[in-house]
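Participant: Okay, here's the structure, questions in a sec.
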Amino acid sequence: MSKGTTTQPRDPSADLPETHTQVQRANANVLAFGFVQKLASELSQGELELPSFPEIVIRVQRVLADEDVPLDKVARVVGSEPALTARLMRMANSAALNASGKVVTELRTAINRMGYEMVRSASVAFAMSQIRFNESLAPIRNELDDLWERSMLVAAFALVLARKCTKISPEEAMLTGMMHGIGKLYVLTRAMDQPALLKDTETMHQIMTEWHPQIGKAILENWEFPEVVSQAVGEQGDLDRGKIKVADLSDILMVSIAMAPLSTDPAGAQLAIRDFPATRRLNLTEETTVAVLQEFAAEVNEICSALGS
């Protein structure tokens, strides 16, 4: 060693393998792999039942699968659940749906005013609202709140986008927006018995991103939702559908998912969807994007208030 040279003491731990960290990561990978295998098995076998999802809501969805179902039958099914009945009555008399100001007091009249697609959306909103306060799901309360808020925003945005840029039913678009995260709800509830996996936010995000669209599609098919709605939920992550020529419900949903969180940031919203083929099909120029955002801002509170708190 030359004169004047000093040597820093070597940290002995530098030569040791990161045993604890490696073991933790390995255990996490095993846990995640097992969980994904379970999801794949349930999906392939059609065993997709949402715990704590109100049975009345599933009954409503299935009775509405028949486009020719009599209004009286729908009213009988809805009327069997007082809390859902109250929600629909409040919605039918909300500012968003009652421009005339004429108050309806009968459930049958309220359903007729709203239309079946809006009844579907309202019943799902009711179910998701109820689930958020289920004590057995307390460990994922924050995640459920986030999912609820995002679903409301996407639903409202999809309604405005359909009305402003397409001839697609705004009510059907809103329903699709409400349901876009139902697969996430399933993944979250299935992860309840694996606290370590729930705490691994990065892994959960990866699993959620990869699996929730197809799981959501399968659930909606099982509940006999319109095929176009379940298909849009399943395709929400497929941004490059190059063979599609005319804007469809899937386009509305994927653009709504990207733009709704950026409703107060027009530049950010435009940037988020700039490279989407759906953006071109919807003819979302800078001018129309601003117009959609303005209409969304004007109506989102009324729509969310109508769907429920």
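Participant: Return a yes/no flag: does segment 243-257 have any residue that is surrounded by 13 or more Cβ atoms within 10 Å (Cβ to Cβ) and of a type in the set (Lys, Arg).
Facilitator: No, segment 243-257 contains no residue that is surrounded by 13 or more Cβ atoms within 10 Å (Cβ to Cβ) and of a type in the set (Lys, Arg).
Participant: Test each condition in (1) basic (Lys, Arg); (2) under 21 Å from Glu302 (Cβ atoms); (3) not in a loop (DSSP other than H, G, I, E, B) for Arg108 and report the one that comes out false.
Facilitator: (2)
Participant: Right, here's the next one. Which pairs turn up if I take residues in segment 80-95 that are under 16 Å from Glu302 (Cβ atoms) and look for partners that are of a type in the set (Asp, Glu) and part of a loop (DSSP other than H, G, I, E, B) with beta carbon separation below 8 Å, at least 6 apart in sequence or on another chain?
Facilitator: Between residues of segment 80-95 that are under 16 Å from Glu302 (Cβ atoms) and residues that are of a type in the set (Asp, Glu) and part of a loop (DSSP other than H, G, I, E, B), there is no close pair.
Participant: I need the full set of residues from segment 206-242 which are surrounded by 22 or more Cβ atoms within 10 Å (Cβ to Cβ) and of a type in the set (A, V, I, L, M, F, W, C), in order please.
Facilitator: Ile215, Ala218, Ile219, Leu220, Trp223, Phe225, Val229, Ala232, Val233
Participant: Residue check: is Val74 closer than 15 Å to Ser123 by Cβ, of a type in the set (Val, Ile, Thr), at pLDDT below 90 and buried (at least 18 other Cβ atoms within 10 Å of the Cβ)?
Facilitator: Considered against the rule, which asks whether it is closer than 15 Å to Ser123 by Cβ, of a type in the set (Val, Ile, Thr), at pLDDT below 90 and buried (at least 18 other Cβ atoms within 10 Å of the Cβ), Val74 comes out as no.
Participant: Considering only residues that are surrounded by 13 or more Cβ atoms within 10 Å (Cβ to Cβ) and part of a helix (DSSP H, G or I), which ones fall in segment 77-86?
Facilitator: Listed by number, the residues that qualify are Val77, Val78, Gly79, Leu84, Thr85.
Participant: Looking at segment 44-73 only, could you name the residues that are in a helix (DSSP H, G or I), closer than 29 Å to Gln214 by Cα, touching a residue at least 24 places away in the same chain (Cβ under 8 Å) and of a type in the set (A, V, I, L, M)?
Facilitator: The answer is Ile56, Val57, Ile58, Val60.
Participant: Since Glu106 meets every condition but one in (1) of a type in the set (Asp, Glu); (2) closer than 22 Å to Met179 by Cβ; (3) modelled with pLDDT of 90 or more, which condition does it not meet?
Facilitator: Single failed check for Glu106: (2).
Participant: Condition (residue is among the acidic types (Asp, Glu) and at pLDDT below 80) applied to segment 49-62: is it met by at least one residue?
Facilitator: Yes: one or more hits.
Residues are listed down the side, and each one gets a yes or a no for (1) of a type in the set (Phe, Trp, Tyr); (2) surrounded by fewer than 18 Cβ atoms within 10 Å (Cβ to Cβ); (3) within 21 Å of the chain's Cα centre (by Cα); (4) closer than 19 Å to Arg163 by Cα:
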{"residue": "Thr264", "(1), (2), (3), (4)": "no, yes, yes, no"}
{"residue": "Ile273", "(1), (2), (3), (4)": "no, no, yes, yes"}
{"residue": "Pro277", "(1), (2), (3), (4)": "no, yes, no, no"}
{"residue": "Asn283", "(1), (2), (3), (4)": "no, yes, no, yes"}
{"residue": "Glu287", "(1), (2), (3), (4)": "no, yes, no, yes"}
{"residue": "Val292", "(1), (2), (3), (4)": "no, no, yes, yes"}
{"residue": "Phe296", "(1), (2), (3), (4)": "yes, no, yes, yes"}
{"residue": "Val300", "(1), (2), (3), (4)": "no, no, yes, yes"}
{"residue": "Leu307", "(1), (2), (3), (4)": "no, no, yes, yes"}
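Participant: Still on this model: Got a sec? Which helices (runs of 4 or more DSSP H) wholly within segment 164-231 have at least 2 residues that are under 16 Å from Leu48 (Cα atoms) and touching a Phe, Trp or Tyr at 6+ places or on another chain (Cβ under 8 Å)?
Facilitator: Helices (runs of 4 or more DSSP H) meeting the threshold: 182-190, 201-222.
Participant: Hey, another quick one. I need the helices (runs of 4 or more DSSP H) fully contained in segment 232-309, keeping only those with at least 2 residues that are touching a residue at least 12 places away in the same chain (Cβ under 8 Å) and under 27 Å from Ala92 (Cα atoms).
Facilitator: On the way: elements: 249-259, 266-273, 277-281, 286-307.
Output list reads 249-259, 286-307.
Participant: Is there any pair linking a residue in segment 195-214 that is more than 17 Å from Ile140 (Cβ to Cβ) to one that is of a type in the set (Val, Ile, Thr) and part of a helix (DSSP H, G or I), with Cβ under 7 Å and at least six apart or on different chains, and which?
Facilitator: Qualifying pairs under 7 Å: Pro213/Val233.
The values are calculated or read from the model by the stated rules, or taken from the named source; none is laboratory data. Quantities reported herein were computed from a predicted structural model and do not represent experimental measurements. Positions of Cβ are backbone-derived with ideal geometry, glycine not excepted, and every protein chain shown enters the neighbour counts.
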